[in-house]
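Read through the structure below, which is laid out as structure tokens, and then see the notes.
The values are calculated or read from the model by the stated rules, or taken from the named source; none is laboratory data. Values in this document were obtained by computation on a predicted structure and should not be read as measured data. Here the Cβ positions follow ideal geometry from the backbone for every residue, glycine too, while neighbour counts run over all protein chains shown. For accessibility, only protein heavy atoms count, side chains too; no ligands or nucleic acids. Shrake-Rupley method; radii C 1.70, N 1.55, O 1.52, S 1.80 Å.
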Amino acid sequence: MFIINCPYCGEREQSEFKAGGEAHIVRPKQPTELSDDQWAEYLFMRKNIKGIQFERWVHTHGCRKWFNVVRDTSNDVIKAVYKMGEKPPTK
Amino acid sequence: MTKNLRVKTSKFIDETYKISFKFNGTTYYGYKGDTLASALIANDIHLVGRSFKYHRPRGIMTAGSEEPNAIVQLHNNTSRTEPNVRATEIEIYEGLEASSQNCWPSVNFDVGGINNFLSPVLPAGFYYKTFMWPASFWEKYEYFIRKSAGLGKSPTEPDPDIYEHKYIHCDVLVIGAGISGIMAAKTAVKNGFKTLLVDEKSYLGGSTIYQNSENFKINNQNSNSWLEKEINEIKKLENLEIKTRTSVAAFHGYNFLLARENLTDHLPFDQKKNKTRHRLLKIRAKKVITATGSIERPLIFDNNDRPGIMLSSAIEKYANFFGVVCGKKNVLFTNNDSAYETAISLFQKGIDIEAIIDNREEIDSRLIKETEKNNIKIYKGYTVVNTSGYKRISKISIMQLSKDGQKVVGPKISIKCDCLGISGGWTPAVHLFTQSGGKLEFRDEDQVFIPKIYPSNQISIGSCSGDFTLDEILSNIPKKLIEFLDIKKTDYEDLEVYSSYNKSKRNIWLLPSDKVIGKTKPFVDYQNDATAKDIKLALREGFRSIEHVKRYTTTGMGTDQGKLGNMHALGIISETAGSKMGELGTTTFRPPYTPLTFGTIVGRNVGEYFDIFRKTPIHEWHEKNKAKFENVGQWKRAWYYPKEGENMHDAVQRESKAARDSAGILDASTLGKIDIQGTDASEFLNRVYTNAWSKLAIGKCRYGLMLNEDGMVYDDGVTTRLDENHYIMTTTTGGAATVLGKLEDYLQTEWPELDVYLTSVTDHYATVSVCGPNSKKIVSQVISDLDFSDESFPHMSFKNAKIGKIKCRVMRISFTGEHSYEINVQANYGKSVWEKCMEAGKKFNITPYGTETMHLLRAEKGFIIVGQDTDATMTPIDLQMDWIVSKKKYDFIGKRSLYRSDTIREDRKQLVGLLTENPDEILEEGAQIIADIKKSPIEMLGHVTSSYYSPNLKKSIALAVVKGGKSMMGQKLIIPMENKQINVTVSDPVFLDKENTRLNA
């Protein structure tokens, strides 16, 4: 069980949070203009990397805020956390 | 009691405190401080159990948690019975009763022992190979396999003991209180770290504490005396918590560990009462120091499993710690120096050694010289090739090893013995380190895996890190601690250490025999009866991965998880397959390190505390009026209210009829309620519901359907506009939390520009729903100063009102198709409002109804229940609810998915009604629907989702999903049941009052 540094509350147990899948997948502004393939790309296709992955998490049993996490999926080490709308760290 | 197997009084055993216990029905005596194993050996009992597959007699092999053989059943046939308890760990107490496992009728005469003679036809994978065919026989095979599977018996009665969980946070956790752990704990505490020290044993000091030898000295004192002083010192330290009888079961990432603290297993029954038996510690440590020591390796040779064959270090511990002699004729067999420590210890106690067999040819060390002084015959360059003695070892045969160690040469020599101590060197106990994600490296010189890459803030010290000699351990610990704890110094930089241990070792994983391997039984995994022969067979049959060989041969899969033999299995695989040990890797060590009881895992979460349950503010009334309850999510909802002599069907029929004929009352408090405020609230609803919301007038209600982005129905409910920028949304009972979560997700991540605030108010309001043709008369009586005329208060509208001084919100909305009102009040007034409605409704025979009647009434109207009639594969179009999907709105969640190539298919499963040919026949929910029984294979068209007998229509009705159902109106279909076929006709899903006239009745 890892520890997540919620950008609003600080370090808390993983059990207080819920994972929300890959981060930085923006909902298309004009879905109606998209082909089936383009819409399916947004709807279904997600990366499952062994290594550094950008993820969304929510502090369900805390402040209920969504934020982003950079996690190494091979060892669960969290490299960074940052708020929604902030740019992902480049390093 | 046999006193003759006790030697000089040990200070760890209290000989003034005599304890009686039973083993296999016979009463024996031991002393306080004894384990079951030491007390049995003191009574000259070595035969403790039978092996799993061949039922071979097995004895006590070790003196610790690594024990594979001596596992017993405690307190058979009582509620406290426990299987697979290691005799080497359980401390005896007055009244302890233990019995052997896996034998019938008794450990001395075991019918299953026949398997031993059948063993040539029971190779690895025997079950896989034999019971494959004919396939139809599997059911018969299974019966016999089940009977012979498993060790011990699980209890059949509820566990009478108390268990609990506890969280501990500390700066430093030290696992293992041997010499390394003690030094680490003292150093950590003295440098200001809040420290927890745990050890699975009942005492501190590990193996050093009972090694009273001139050959190991620290600062000119025997190492045990030096350590004793250290222990006395740390006991006085503040900021240090010491927990003995506490074994770490799991080491997870981020230094999160689970440990079991054993509080009463060693106490007599009268002292166990009302006390917590085990405590599961959930430890979060900033730093972890693992000092778990090492486990002595056995040696692998023909018939190396007889009772009386023990680890050399165990014999030493029984003599030094428990004051117990393991045999009268002792022989030691080794490939390294540590057996000589045992020899010297035994001599000090006046116990004779017949001979020492050493694999090594040229050996020279202080310990060996010391041993030779005592005139012990040492066979250098020899190996044991076989043993005899059925229930206790009686003789060994030895031969000389060839130069390359691959063969045996020369004449065979027999030596009589009743105890054989074996030592194959040491394996660092790296289990916890690897559980935490640590990576090992293989050290060729002494063939051990040692920690290499630490995945978290942790370190391994002492022999679990591969330092085996006292001087190595003591010189490395200060260095490691200074770096790891980031401190200036320890108390231990200038210790004078004198250690006699010589590191030379002749490692041969499988010792050669004068027989071909097929005729030998060299056990690698004792508990599961896996031999070197089995491993070689697996390799011949093409298994290469260590994980596959493990499962095929079951090596390392017993309750001991192969703590003794795993390394040899790896060694044999690497030698046979010609691959390097380091490249082969190890199998994964999984938690728990030693087995945990279910009680420990569950803790206090038993009975009514198993899961949280939620009660509505009106719950007490339902209970008083004999409601039956149903679980809906965590809620307890009134299901139906049977009157005397009524069964469920009777009650539901009565309730349903009353609701349509006069008046019914339902506790709807469990419906999810979300308060939505903000200047963009209307726009937000527009985006999350399929229909349009901007034009909803203040004071009006609207039904909404919510989709997932994939177009599938997610939730539904009525939302009311309370004010310009204020709405109250209702959700399904089970969906309340996930709907709020989903809405928050969109608000925070996709549309942060919207000014909208969501608050869950489910628990803040009680909801009383009154329906039926007389509902208006009842509600207007309860709320007297409100205009209930259809003009002022029409269907799908809302009013703020007061009942006396109590503010309430009244919605005229309906889930039954009847004229009905929902009164929402602050939760603590819920029961009183309910009672007022009951009182007012008396003359109209107001009838409380539960969820079952609610479901029936809405089914008559063809209203869906999300999650019952839908299953995350249904679009609103599939549900024949096209009317609620806005064509005008540019976008809403799920809109684009409604015209994907898959969602526009016409043969999707669609919601329809079903009417049975025989109106009294009620369909089973979940029943399959077909069109043509003769077609092969039969095509399944769909299934029944809701089914009831309608007392108002006087016939059976059902909702179903059927492929292409929308275009099948009037068509005949078949429901095939076990013994019959039911003929049905596809109908409109709305069965009653299609014109909605009753809403305004």
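Computed with a 1.4 Å probe on the full set of protein chains, the accessible area for B:Ser365 sits at about 10 Å².
Rounded to the nearest whole angstrom, the semi-axes of the ellipsoid equivalent to chain B, taken from the Cα gyration tensor as √(5λ), stand at 72, 33, 28, largest first. The H on the amide N of B:Gly152, modeled in the peptide plane, is under 5 Å from the matching H of B:Asn102, each at least 5 residues off or on a different chain. Helix B:470-485 axis versus longest C-alpha principal axis of chain B: approximately 30°, rounded to the nearest ten. Between 0 and 90 degrees, the angle of helix B:736-745 with respect to the longest Cα principal axis of chain B falls at about 90 degrees.
Write down the percent of antiparallel bridges among all DSSP beta bridges whose residues are both part of chain A, to the nearest 5.
Details: 20 of 20 bridges.
Here the antiparallel bridges make up roughly 100 percent for chain A.
Can you give me the accessible area per residue for segment B:301-386, using a 1.4 Å probe, in Å²?
On the way: 2400 Å² over 86 residues.
Here the residues of segment B:301-386 average 28 Å² of exposed surface.
Contact residues in segment B:867-895 (at least 50 Å² less accessible area with all protein chains than alone, 1.4 Å probe): B:Tyr890, B:Asp891.
Please report the antiparallel percentage of DSSP beta bridges with both residues in chain B, rounded to the nearest 5. Just about 75 percent of them are antiparallel.
Ranking of B:Arg284, B:Arg506 by solvent-accessible surface, largest first: B:Arg506, B:Arg284 (1.4 Å probe, protein heavy atoms only, all chains present). Dividing the summed helix terms, -39500 (n - 2.57) for each DSSP H run of n ≥ 4, by the number of residues in chain B produces a 222 nm estimate of -6000 deg cm²/dmol to the nearest 500.
Taking a ≥ b ≥ c as the square roots of the eigenvalues of the Cα gyration tensor of segment B:24-66, is the shape rounded (a/c under 1.5), prolate (a/b larger than b/c) or oblate? Display every interim value, and only then the final one.
Working: a/c = 2.74, a/b = 1.55, b/c = 1.77.
Oblate.
Put a dot 7 Å past the Cα of A:Lys18, heading toward its Cβ, do the same for B:Asn918, and the two dots end up 4.6 nm apart.
The HN-Hα couplings worked out from phi for segment B:295-304 by the Karplus form 6.51 cos²θ - 1.76 cosθ + 1.60 (θ = phi - 60°) are 10, 5, 8, x, 10, 9, 9, 4, 6, 8 Hz, whole numbers, x standing for Gly and Pro. Figure note: B:Glu67, B:Glu683 ranked by solvent-accessible area, largest first, 1.4 Å probe, ligands and nucleic acids not counted: B:Glu683, B:Glu67. Other protein chain C-beta atoms within 10 Å of residue C-beta, averaged over B:250-257: 3. For segment B:954-995, trypsin sites (Lys or Arg not before Pro) meeting the loop criterion (DSSP other than H, G, I, E, B) and having at most 11 other Cβ atoms within 10 Å: B:Lys954, B:Lys980, B:Lys994. For segment A:23-63, the list of trypsin sites (Lys or Arg not before Pro) that fall in a loop by DSSP and count at most 16 other C-beta atoms within 10 angstrom reads A:Lys29, A:Arg46, A:Lys47, A:Lys50. Efficiency by 1/(1 + (r/R0)^6): what FRET value for B:Asn212 and B:Lys503, r their Cβ-Cβ distance, R0 = 35 Å, to the nearest 0.05? Computed FRET efficiency for B:Asn212 and B:Lys503: 0.95.
Segment B:700-753: which GluC sites (Glu not before Pro) are DSSP loop and have at most 15 other beta-carbon atoms within 10 angstrom? Mind dumping the intermediate values first?
Working: sites: B:Glu709, B:Glu724, B:Glu744, B:Glu750, B:Glu753; in loops: B:Glu709, B:Glu724, B:Glu753.
Sites meeting the loop and neighbour criteria: B:Glu724, B:Glu753.
Direction-averaged projected area, Cα convex hull, segment B:667-857: 10.9 nm², rounded to one decimal. Note on segment B:156-189 and segment B:583-603: Cα centroid distance 17 Å, given to the nearest whole angstrom. Each residue of segment B:827-838 is assigned a 3J(HN,Hα), and the resulting list reads 3, 6, 9, x, 5, 5, 5, 4, 5, 4, 5, 4 Hz, derived from the Karplus form 6.51 cos²θ - 1.76 cosθ + 1.60 (θ = phi - 60°), x at Gly and Pro. In degrees, nearest 10, range 0 to 90: what is the angle between the Cα axis of helix B:851-860 and the longest Cα principal axis of chain B? Computed tilt is about 50 degrees. Amide H contacts of B:Ser950: B:Lys955, B:Ser956, B:Ile957, each under 5 Å away and 5 or more positions distant or on a separate chain (H built 1.01 Å from N in the peptide plane; Pro and chain starts excluded).
Stretch B:Glu839-B:Phe347 to full length: gain in nm at 0.36 nm per residue minus the Cα-Cα span?
On the way: separation 492, 0.36 × 492 = 177.12 nm, distance 9.34 nm.
167.8 nm is the gain from fully extending B:Glu839 to B:Phe347.
B:Gly350 sits among other residues whose Cβ lies under 14 Å from its own Cβ, and their net charge, with Lys and Arg +1 and Asp and Glu -1, is +3. Since only B:Ile162, B:Ser901, B:Ser662 are under comparison, the one whose Cα sits farthest along the positive direction of the charge dipole of chain B, derived from C-beta charges on Lys, Arg, Asp and Glu, is B:Ile162. Label-to-label distance, B:Asp514 versus B:His169, with points set 7 angstrom from Cα along the beta-carbon direction: 6.8 nm.
Near the amide H of B:Ser460, within less than 5 Å, lie the amide hydrogens of B:Thr290, all on another chain or at least 5 residues away, with H placed in the peptide plane. For segment B:955-982 and segment B:793-823, what is the centre-to-centre distance using only Cα atoms, to the nearest Å? So the two Cα centres are separated by 38 Å. In a simple Cβ point-charge model (Lys, Arg +1; Asp, Glu -1; nothing else charged), the protein assembly as shown has a dipole of about 1080 debye relative to its Cα centre.
Using the Karplus relation 6.51 cos²θ - 1.76 cosθ + 1.60 with θ = phi - 60°, the per-residue 3J(HN,Hα) values for segment A:25-32 come to 9, 8, 5, x, 6, 10, x, 5 Hz, with x marking Gly and Pro.
Our estimate of slack between B:Glu608 and B:Arg544, defined as 0.36 nm per intervening residue step minus the Cα-Cα distance, is 18.1 nm.
Stretch B:His795-B:Ser394 to full length: gain in nm at 0.36 nm per residue minus the Cα-Cα span?
Values: separation 401, 0.36 × 401 = 144.36 nm, distance 9.50 nm.
Separation in residues times 0.36 nm, less the Cα-Cα distance, equals 134.9 nm.
On the protein heavy atoms, probe 1.4 angstrom, tell me the percent of accessible surface of segment B:894-961 carried by carbon and sulfur. Whole-percent figure for carbon plus sulfur exposure: 50.
Please get the size of the charge dipole for segment B:859-1000, origin at its Cα centre, with Cβ charges of +1 on Lys and Arg and -1 on Asp and Glu, quoted in debye to the nearest 20.
Details: 20 positive and 20 negative charges, 122 e Å.
With Lys and Arg at +1 and Asp and Glu at -1, about 580 debye.
Under the convention that each Lys and Arg Cβ holds +1 and each Asp and Glu Cβ holds -1, the size of the dipole of chain B around its Cα centre is about 1420 debye.
Label sites at B:His764 and B:Lys807, each approximated as a point 7 angstrom past Cα along Cα to Cβ, lie 1.0 nm apart.
Stick to the Cα atoms of segment B:613-691, pair each with every other, and give me the Kirkwood hydrodynamic radius in Å at one decimal.
Details: mean 1/r = 0.0651 Å⁻¹.
The answer is 15.4 Å.
Which of the pairs A:Lys79/B:Lys286; B:Lys329/B:Lys563; B:Lys53/B:Lys521; B:Lys217/B:Lys563; B:Lys452/B:Lys480 have their Cα atoms more than 20 Å apart in this structure?
Values: A:Lys79/B:Lys286 18 Å; B:Lys329/B:Lys563 28 Å; B:Lys53/B:Lys521 13 Å; B:Lys217/B:Lys563 30 Å; B:Lys452/B:Lys480 14 Å.
Table pairs above 20 Å Cα-Cα are B:Lys329/B:Lys563; B:Lys217/B:Lys563.
Could you name the lysines in cross-link range of B:Lys282, using Cα to Cα under 22 Å and dropping any fewer than eight places away on the same chain? Straight-line reach from B:Lys282, under 22 Å: A:Lys18, B:Lys166, B:Lys194, B:Lys201, B:Lys243.
Over all pairs of different C-alpha atoms, the protein assembly as shown has a mean inverse distance whose reciprocal, the Kirkwood radius, equals 34.8 Å.
Enclosing the Cα atoms of segment B:159-219 in their convex hull gives a volume equal to 103 cubic angstrom per residue.
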